[in-house]
Amino acid sequence: MIAPEATADVAIIGGGLMGCSAAFFLAQRGLSVLLLETDKVGRQASGTNFGNVRRQGRPIFQLPLANRASRIWRQASELLGSDVEYLQNGHIRVCFRDRPENVGKMEEYAAQAREEGLDLELLSGNMLREKFPWLGPDVLAGSHSALDGHANPRLAAPAFARAAMKLGAQVVEDTKIVHAAKVGEDFVLEAEDGRRFRAPTLLVTAGAWAGKIVSQFGEPVKLTPRAPTMSVTEPVPYSILPAVGVMTPDEVETVYFRQVARGNIVLGGSLRAPSYPDEYRAYVMPENTMTQFQHLRRLAPALARLQVIRVWSGIEGYTDDALPVMGASDTVSGLFYAFGFSGSGFQIGPGVGETMAEIIATGTTDIPIEQYAIRRFREGG
Amino acid sequence: MSEKVVIVGAGPAGVRAAEALVRAGLRPIVIDEGTRSGGQIYRRQPEGFKRPYETLYGSEARRARSVHETFDALRPDIDYRPETLVWNVAEGHVWAARAGETEAIAYDRLIVCSGATDRLAPVPGWQLAGCYSLGGSQVALKAQACSIGGEVVFMGTGPLLYYVASQYVKAGANVAAVLDTSPFAGRVKALPKLTEQPDLLWQGMKLTFGLKRAGVTVLSGVTPVEISGDSEIGVSGVTVRTASGTLSRFACDAVAMGWHLRPETQIADLARASFSFDLRTRQWLPEIDGDGRALVPGLYLAGDGAKILGARSAEVTGELAAIAALADMGHAIDKDRRRHLRAMRARYVRFAEGLAEAFPWPHQFVADTADSTVVCRCEGVTAGTLRASVSEAFATETNRAKSFSRVGMGRCQGRYCGNASAEIVSALRGEPVECSGRLRGQAPVKPIPVATARTDA
């Protein structure tokens with residue numbers, strides 16, 4: 001007996017923030033959507049990341065996409081009908097005293113960013129400490145982006161999925177797609193348990209798991225699965241408004257933190273661990289927790305007295321150039337990609353979803369995405 | 001043989017494990033969160049306190065003394081690390097923290113004797129000041145000779161309920177009532193299994209008679225209705241529905257609560273032990289063989305941290321785990337001794353099954369709790385919010401419900417709300433409780449300060 005097939009205008013493999021927001025914006029455009037998720041929506045990179053809604057520090061050519069995403073974040077709660085705890089309290093990017101060369105880089109970045117509509121205010125260490133007295137003496141200077149902020153990653157992707165469902169999208173969890181192929185005009189997707197799904201358009205938003213699917217279409221991309229080092233403190237009175245991060249070329253120093261309205265301080269950064277997509281496991285390495293604490297004490301010595309109550313991680317997919325794959329397939333018509341966000345996808349996520357929906361529905365977008373084309377990974381370049 | 005063995009915990013299981021290893025010529029590292037060994041049940045009073053064993057440990061005085069004396073004699077032959085928290089386990093190392101410093105301690109064999117904490121059920125009002133766990137109220141008495149209040153109600157179920165209430169009476173505290181949610185009939189039905197340990201059964205009966213003789217109201221088969229009071233004064237009374245259906249209120253200024261015990265399995269979890277659901281106690285337990293071997297090579301679990309079998313059994317399973325580790329390292333072992341210990345363990349298992357029948361976890365009461373009841377005290381989350389994570393946000397199991405509602409996300413990391421959360425989520429979904437999953441353990445095992453720095457790097 002042939003198993004019954006579910007069908008839709010667009011099938012999406014991968015229920016992270018990219019897939020869930022794409023499902024929502026596609027449904028908003030009146031397309032029928034099938035969102036297929038191996039586990040639960042938004043549980044890995046999308047649900048376990050730091051929650052930075054940060055534009056500054058992104059490549060300048062990415063800012064139009066980031067700006068689009070910012071507009072969505074600002075209205076997310078009304079748009080989705082549920083609170084994703086978006087707080088637009090600003091973002092500060094600082095550099096340490098032993099890396100004075102970063103000040104010039106910050107100035108240069110701010111000048112370019114202004115052209116793209118992102119206003120950054122450069123502040124000396126002392127000016128910063130006057131405004132934010134919890135910053136440490138090691139902070140040399142910083143760049144303040146008033147219109148950035150942070151949100152709750154545990155809530156965001158599931159909120160997009162639920163909003164998409166309200167618009168008629170079918171969200172199918174606990175469904176691992178093991179085989180994907182284009183048969184005639186349609187993509188036929190087969191789940192591990194034999195269920196089949198069919199759609200004329202396919203969007204792959206499968207994060208660290210995307211590699212296996214895209215290679216079935218002859219466009220292999222190397223993805224390295226990594227696991228961020230995350231921690232959270234006990235709650236303390238709410239007083240730290242902006243999200244704060246360190247600009248440094250040395251991954252071990254890249255610490256960042258934010259305080260949520262409940263009062264807990266969420267920490268991220270320092271070295272990432274390997275992760276295991278096939279087993280669906282990611283572990284926090286204790287030595288990374290320790291270097292994270294060490295550099296956090298440099299950034300904000302006052303936080304040393306807080307207790308960390310939990311650490312966690314998730315599975316992120318990194319490309320070799322740390323840029324995502326986003327746009328149409330180079331070989332198969334009707335096939336689209338948005339994956340490999342390399343640990344920097346949360347802020348732009350809703351913008352990616354809206355842009356992919358726009359490309360799928362209209363065939364074009366004004367957002368520059370040529371840098372993300374999958375063809376850059378083609379053998380021989 | 002220079003294999004490094006690390007024992008976590010210095011209660012009855014950890015001490016007996018260390019004793020067996022030292023006897024075989026090893027020098028184990030013993031990491032203890034406490035200051036003076038003994039664990040929770042045989043907690044030692046601070047230096048300078050001079051209450052006799054009989055006062056502190058009652059019928060278990062002889063055993064407590066033996067565990068303490070064994071440990072004291074072992075001291076020169078072990079590497080003892082008191083006041084030290086194992087906060088993570090990774091790649092053959094335990095991460096131990098003491099006074100703001102941490103180091104990674106390598107092991108070839110890890111014997112985890114992490115003990116148990118009270119299993120708590122949410123009762124309306126249990127977030128008020130003056131509500132304690134049974135274990136907490138016992139610590140106050142044992143360590144510091146303090147009562148948790150001037151007029152104390154004991155509520156819950158299990159042998160510890162009667163034991164601690166009796167200790168309070170003996171210490172001269174006013175015990176307003178002992179309120180057991182288990183029906184008396186269940187205890188009668190469990191008698192055949194409880195006779196496995198006739199003296200413990202007799203001790204239990206004596207405790208109940210003693211409480212009644214002291215004029216304490218002892219009720220069975222009650223349903224808790226409310227702990228009343230306010231945020232200014234804390235607890236002012238406890239109301240229950242009695243077995244006959246009438247409402248009874250007991251004025252008090254403190255409540256000690258516990259529904260038997262739950263194993264502390266975080267370290268086993270971080271060491272990547274596998275878990276299975278124990279339907280009898282409605283808890284997830286790490287999977288071990290009869291000697292305490294986990295499925296992860298080199299990992300052994302003993303005492304109440306592996307399965308709630310009581311303090312006497314902990315001495316047996318601690319030694320068994322050490323013998324298993326010795327056997328796995330190629331040491332010759334005393335097989336007669338092992339046979340004897342295994343037989344003893346089997347009897348404690350049967351006795352524990354009797355206790356689980358006699359003092360069941362009131363899962364229906366927990367599942368039925370009102371939407372307004374606070375389930376997660378750390379985060380102040382109500383049953384209504386937890387249920388909304390299922391009915392409105394489509395959480396299908398307890399980790400997902402935690403992610404959406406914050407139940408289990410606070411300081412205790414689900415120790416005191418995890419069992420209840422699973423019952424509420426599964427009842428709402430109309431599924432058996434095991435379908436609502438197990439809250440995954442995450443480091444740190446207990447909170448550690450951001451100030452924590454490595455001493456070994």
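For the reader, a short list of remarks on this structure follows.
- Residue match in the stretch B:268-281 (condition: more than 25 Å from residue B:91 (Cα to Cα), touching a Phe, Trp or Tyr at 6+ places or on another chain (Cβ under 6 Å) and surrounded by fewer than 18 Cβ atoms within 10 Å (Cβ to Cβ)): yes
- Flag for residue B:378 being surrounded by fewer than 24 Cβ atoms within 10 Å (Cβ to Cβ), assigned to a loop (DSSP other than H, G, I, E, B) and within 14 Å of another protein chain (Cβ to nearest Cβ): yes
- Selection status of residue A:237, surrounded by fewer than 20 Cβ atoms within 10 Å (Cβ to Cβ), over 25 Å from residue B:90 (Cβ atoms), in contact with a strand residue (DSSP E or B) (Cβ under 6 Å, 6 or more places away or on another chain) and modelled with pLDDT of 95 or more: no
- Among the residues of the stretch A:63-82, those identified as free of Cβ contacts under 8 Å to residues at least 12 places away in the same chain and not charged (D, E, K, R) are A:75, A:77.
To keep it simple, each residue is scored yes or no on (1) small (Gly, Ala, Ser); (2) surrounded by fewer than 20 Cβ atoms within 10 Å (Cβ to Cβ).
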residue: B:161; (1), (2): no, no
residue: B:164; (1), (2): no, no
residue: B:176; (1), (2): yes, no
residue: B:182; (1), (2): yes, no
residue: B:206; (1), (2): no, yes
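- Test: residue in the stretch A:247-262 that is part of a helix (DSSP H, G or I) and crowded, with 20+ Cβ neighbours inside 10 Å: yes
- Taken over the stretch A:126-149, the criterion of being within 13 Å of residue A:298 (Cα to Cα) and buried (at least 16 other Cβ atoms within 10 Å of the Cβ) is satisfied by A:135, A:136, A:138, A:139, A:140.
- Yes/no for residue A:214 being touching a Leu at 6+ places or on another chain (Cβ under 7 Å) and away from chain B (no Cβ under 14 Å): no
- Flag if residue A:236 is over 20 Å from the mean Cα position of the chain (by Cα), among the hydrophobic types (A, V, I, L, M, F, W, C) and within 14 Å of chain B (Cβ to nearest Cβ): yes
- Restricted to the stretch A:156-181, and to residues there that are assigned to a helix (DSSP H, G or I) and crowded, with 23+ Cβ neighbours inside 10 Å, the residue that is nearest to the other protein chains (Cβ to nearest Cβ) is A:158.
- Residue B:363 surrounded by fewer than 23 Cβ atoms within 10 Å (Cβ to Cβ) and farther than 27 Å from residue B:24 by Cβ: yes
- Just one of the listed residues (A:260, A:246) is under 21 Å from the mean Cα position of the chain (by Cα), among the β-branched types (Val, Ile, Thr) and within 13 Å of chain B (Cβ to nearest Cβ), and it is A:260.
- Restricted to the stretch B:385-402, and to residues there that are part of a helix (DSSP H, G or I) and surrounded by fewer than 18 Cβ atoms within 10 Å (Cβ to Cβ), the residue that is farthest from the other protein chains (Cβ to nearest Cβ) is B:391.
- Filtering the stretch A:272-295 to residues that are within 23 Å of the chain's Cα centre (by Cα) and closer than 21 Å to residue B:96 by Cα leaves A:273, A:283, A:284, A:285, A:288, A:289, A:292.
- Elements of type helices (runs of 4 or more DSSP H) in the stretch B:127-206, at least 1 residues being polar (S, T, N, Q): B:134-144, B:159-170
- Filtered residue count, the stretch B:305-334, keeping only those that are within 25 Å of residue B:4 (Cβ to Cβ) and in a helix (DSSP H, G or I): 16
- Of all residues making up the stretch A:39-72, the number that are in a loop (DSSP other than H, G, I, E, B), surrounded by fewer than 24 Cβ atoms within 10 Å (Cβ to Cβ) and more than 14 Å from chain B (Cβ to nearest Cβ): 5
- Looking across the stretch B:419-457, just one residue is closer than 20 Å to residue B:271 by Cα, in contact with a Ser or Thr (Cβ under 8 Å, 6 or more places away or on another chain), crowded, with 23+ Cβ neighbours inside 10 Å and more than 10 Å from chain A (Cβ to nearest Cβ), and that is B:439.
- Among the residues of the stretch A:263-287, those identified as facing chain B (nearest Cβ under 10 Å) and assigned to a strand (DSSP E or B) are A:265, A:267, A:273, A:281.
- Among the residues making up the stretch A:311-339, a single one is buried (at least 22 other Cβ atoms within 10 Å of the Cβ), within 14 Å of chain B (Cβ to nearest Cβ) and part of a strand (DSSP E or B): A:311.
- Breaking point among (1) without any contact (Cβ under 8 Å) to a residue 40 or more places away in the chain; (2) part of a strand (DSSP E or B), for residue B:235: (1)
- Condition check for residue B:315: among the acidic types (Asp, Glu) and more than 23 Å from residue B:434 (Cβ to Cβ): yes
- When restricted to residues that are crowded, with 21+ Cβ neighbours inside 10 Å and either free of Cβ contacts under 8 Å to residues at least 12 places away in the same chain or over 21 Å from the mean Cα position of the chain (by Cα) (or both), the stretch B:51-73 contains 1.
- Checking each residue in the stretch A:252-309 for being more than 24 Å from residue B:378 (Cα to Cα) and of a type in the set (S, T, N, Q) picks out A:254, A:270, A:275, A:288, A:291, A:292, A:294.
- When restricted to residues that are at the interface with chain B (Cβ under 7 Å from one of its Cβ atoms) and either of a type in the set (D, E, K, R) or in a helix (DSSP H, G or I) (or both), the stretch A:295-310 contains 6.
- In the stretch B:104-126, the residues that are over 29 Å from residue B:365 (Cα atoms), away from chain A (no Cβ under 14 Å) and either among the aliphatic types (A, V, I, L, M) or not in a loop (DSSP other than H, G, I, E, B) (or both): B:109, B:110, B:111, B:112
The values are calculated or read from the model by the stated rules, or taken from the named source; none is laboratory data. Note that the structure is predicted; figures quoted are calculated from it, not measured. All Cβ positions, glycine included, derive from the backbone under ideal geometry; neighbour counts span all protein chains shown.
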